[in-house]
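Okay, so here's the structure we're looking at.
The values are calculated or read from the model by the stated rules, or taken from the named source; none is laboratory data. Note that the structure is predicted; figures quoted are calculated from it, not measured. Every residue, glycine among them, receives a Cβ derived from its backbone with ideal geometry; neighbour counts consider all protein chains shown. SASA here: full protein model, heavy atoms, side chains in, ligands and nucleic acids out. Shrake-Rupley method; radii C 1.70, N 1.55, O 1.52, S 1.80 Å.
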Amino acid sequence: LIKRKLIRQFGIRAPQVRNQRRISALISQTYMFERFHWMLFIIFALVMADALSGGHLVWGLVLLISNIIYNVCPNLLQQYLRLRLRRLSKDLIV
C-alpha cells in the first residue's frame, strides 16, 4: 500500500538488483551511509554535551532525541539492508 503510493506520487522505486556486482556496490554504499551517520552522531553528541554542561537541559534533551531519530535509526536500517543484501546474494548464487 505505502509502496504503491510512493511509486504513484513520487516515482520512487527500490534499486533493481540483478547481479553480484550491483549487490556489492549497494553493500559498499550502506557502509558509507553508516559511517556518515556515525560521524553525525558524534557531532550531535558533542553539541548535546556542550548544551548540558551549559545548563541547557531542554536543548540537551532535544538534541538527544534528534540524534536517536536521525542517526541511530538510519544506522540500524543500514545494517538491516546489508543482511537482506547478503541473503539475496546467496540466493543469486544458488
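At a glance:
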{"quantity": "Pair list, Cβ < 8 Å and 6+ apart or interchain, from segment 23-38 residues that are within 17 Å of Cys73 (Cβ to Cβ) to residues that are in a helix (DSSP H, G or I) and among the aromatic types (Phe, Trp, Tyr)", "calculated": "His37/Tyr70"}
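Every residue, every condition in (1) at pLDDT below 90; (2) open to solvent by 60 Å² or more (accessible area, probe 1.4 Å); (3) more than 28 Å from Lys3 (Cα to Cα), yes or no:
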position: Leu26; (1), (2), (3): no, no, no
position: Met32; (1), (2), (3): no, yes, no
position: Ala45; (1), (2), (3): no, no, yes
position: Leu57; (1), (2), (3): no, yes, yes
position: Leu64; (1), (2), (3): no, yes, yes
position: Asn75; (1), (2), (3): no, no, no
position: Arg86; (1), (2), (3): no, yes, no
position: Asp91; (1), (2), (3): yes, yes, no
